[in-house]
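The structure follows.
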Amino acid sequence: MMFNETTFLYTACICYGLSFVLTYLGREHFPYRSLLFFSIAGLGAHSVSLALRWDRVGHGPFINLYEILSSNLWSLLLAYVLFLIWAREHRPAGRYIIPLLALLMFWLLISEPRDTYLPPTYNTIWLYFHVLSGKFFLGLLMLATGVSILEMTRSSSASGPGISLAGKSLSYRLLAFAFCFESLMLIFGAIWAQDAWGRYWAWDPLETWAFLTWMSVIFVLHWRLNYSRPGIYAALVVGCFTLAFLTFFGVPLISTAPHQGMI
């Protein structure tokens, strides 16, 4: 076939790459329209690629590393595009988000696109709830991280004091929503684990790291309510995202527990 899933994926990555470059063009005027055009075009081509693979292998893109990278790059780009449309005053935060997206794109392109099959334990509706809530969590945490750095830079350049109320911080609100979706991810995962392996929780490596990430988000949310130091807050949010990133893309590579799937 002339137009297959790989062709659409490469087309998407070209569009993504152009949008990444445009993010850093023009220090005074954010190239919003051109960036949005290429990002949406990339998402369209990427959606076709994921759909073709889903139809060919017979299951969603969440089994091996290639599929996980591809689906998460798609969901994170979608979160970023919606953020650009919704939070106009915070669009420059994209400059702190793009390096992560570029890393995932490069990692995806060098990964082996092996075909996979769906293990019997994955054949449950709770898997989809678990995966979907996880993607919401990671996307919101990514946005919270970028916005927290932007708020820090704006606070340091302003003549007056920084934001003192957590409720006025967009990053804090995004982090709070991220916490809600991570909690749902853990709940849905526990229900799935009970159906699949006969236990709700077993402290396997991925469950342990997910719990540590959940606790770190709780800590940062409570810390921000009592202190208004944008620099420390941004560093803490970056730490939360680092934990989440390692949980999503690092631990499954070394885990021997059932969570490893076919990676």
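Please treat every number below as a calculation from the coordinates, not as lab data. None of these values were measured; they are calculated from a predicted model. Note that each Cβ is placed from the backbone with ideal geometry, even for glycine, and that neighbours are counted across all protein chains shown.
Sum up the charges of everything whose Cβ sits under 14 Å from the Cβ of LEU175, counting Lys and Arg as +1 and Asp and Glu as -1, but leave LEU175 out.
Numbers: positive: LYS168, ARG173, ARG224; negative: GLU151, GLU182.
That sum, taken over residues with Cβ under 14 Å, equals +1.
Could you give me the ³J(HN,Hα) list for region 228-240, computed from phi with Karplus coefficients 6.51, -1.76, 1.60 and θ = phi - 60°, whole Hz, x at Gly and Pro?
10, 10, x, x, 5, 4, 4, 5, 5, 5, 4, x, 4
For the chain, build the convex hull from the C-alpha positions and give me its volume per residue in Å³.
In the chain, the Cα hull volume divided by residue count equals 119 Å³.
Apply the Karplus curve 6.51 cos²θ - 1.76 cosθ + 1.60, θ = phi - 60°, to the phi angles in region 115-122 and return the couplings in whole Hz, x for Gly and Pro.
6, 9, 10, 8, x, x, 5, 8
Also, I was wondering about something else. Would you work out which of ILE110, LEU206, ILE232 lies farthest towards the positive end of the dipole of the chain, given +1 charges on the beta-carbon of Lys and Arg and -1 on that of Asp and Glu, about the Cα centre?
ILE232
Read phi for every residue in region 145-155 and hand back ³J(HN,Hα) as whole Hz from Karplus 6.51 cos²θ - 1.76 cosθ + 1.60, θ = phi - 60°, with x for Gly and Pro.
The phi angles translate into 5, x, 5, 5, 5, 4, 4, 5, 5, 5, 5 Hz.
Let me ask something additional. Quote the relative contact order of the chain in percent (integer), defining contacts as alpha-carbon pairs under 8 Å separated by 6+ residues. Walk me through the intermediate numbers first.
Details: 298 pairs, mean separation 46.7, N = 263.
In percent, rounded to a whole number, it is 18.
When SER171, SER155 are ordered from fewest to most other Cβ atoms inside 10 Å of their Cβ, what list results?
Lowest to highest Cβ neighbour count: SER155, SER171.
Could you compute the longest span of the chain free of trypsin sites (Lys or Arg not before Pro) located in DSSP loops and having at most 15 other Cβ atoms within 10 Å, not counting the site residues?
It works out to 28-113.
Classify region 1-100 as rounded, prolate or oblate, taking a ≥ b ≥ c as the square roots of the eigenvalues of its Cα gyration tensor: rounded when a/c is under 1.5, otherwise prolate if a/b is larger than b/c and oblate if not.
prolate
Projecting each Cα onto the charge dipole of the chain (Lys/Arg +1, Asp/Glu -1 at the beta carbon, about the Cα centre), which of PRO61, CYS180, ALA144 comes out farthest on the positive side?
After comparing all options, I get ALA144.
Which value, in debye to the nearest 20, describes the size of the charge dipole of the chain about its Cα centre when Lys and Arg Cβ atoms bear +1, Asp and Glu Cβ atoms bear -1, and nothing else is charged?
Value, rounded to 20: 820 debye.
Moving on. Pull up all non-local amide H partners of TYR227: gap of 5 or more, or a different chain, and H-to-H distance under 5 Å with H placed in the peptide plane.
Placed amide hydrogens put nothing under 5 Å from TYR227.
What whole-number distance in Å separates the alpha-carbon centres of region 31-95 and region 96-148?
Each part reduced to its Cα centre gives a spacing of 10 Å.
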